[in-house]
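Structure first, then comments.
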Amino acid sequence: MPRGLQPNPHTKLRELLAQARDDAGLKQAQVAALLKRPQSFVSKYENGERKLDVIEFIEVCKALGVSPSTLIDQLS
């Protein structure tokens with residue numbers, strides 16, 4: 001696929017995180033509870049209103065039961 005047609009990496013990561021949550025059978029509120037954060041935290045990073053820093057990304061991956069490196073590999 002030509003570079004111009006590929007999704008933005010931030011968009012792709014948001015999609016991967018939302019898919020991982022769905023695959024884990026979790027709702028946003030459940031992930032938020034595992035993270036000890038409000039549900040809006042999950043909603044905002046999934047909708048692109050907020051970006052995760054590296055530490056938050058790792059914490060979210062742990063809550064979802066997915067390896068951070070697995071998601072990073074899927075970005076390329």
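The values are calculated or read from the model by the stated rules, or taken from the named source; none is laboratory data. In this text the structure is predicted, and so the values were computed from the model without any measurement. Because the Cβ atoms are built from the backbone with ideal geometry, glycine has one as well, and the counts that use them run over all protein chains shown. Heavy atoms of the whole protein, side chains included, go into the accessibility calculation; ligands, DNA and RNA do not. Shrake-Rupley method; radii C 1.70, N 1.55, O 1.52, S 1.80 Å.
Quick notes on this structure:
- The residues of the stretch 37-47 that are open to solvent by less than 40 Å² (accessible area, probe 1.4 Å) and in contact (Cβ under 8 Å) with a residue 12 or more places away in the chain, listed by number, are VAL42, SER43, TYR45, GLU46.
- Test: residue in the stretch 23-34 that is touching a residue at least 60 places away in the same chain (Cβ under 8 Å) and either part of a loop (DSSP other than H, G, I, E, B) or among the aliphatic types (A, V, I, L, M) (or both): no
- Of residues in the stretch 56-76 being in contact (Cβ under 8 Å) with a residue 24 or more places away in the chain and not in a helix (DSSP H, G or I), the one surrounded by the most Cβ atoms within 10 Å (Cβ to Cβ): VAL66
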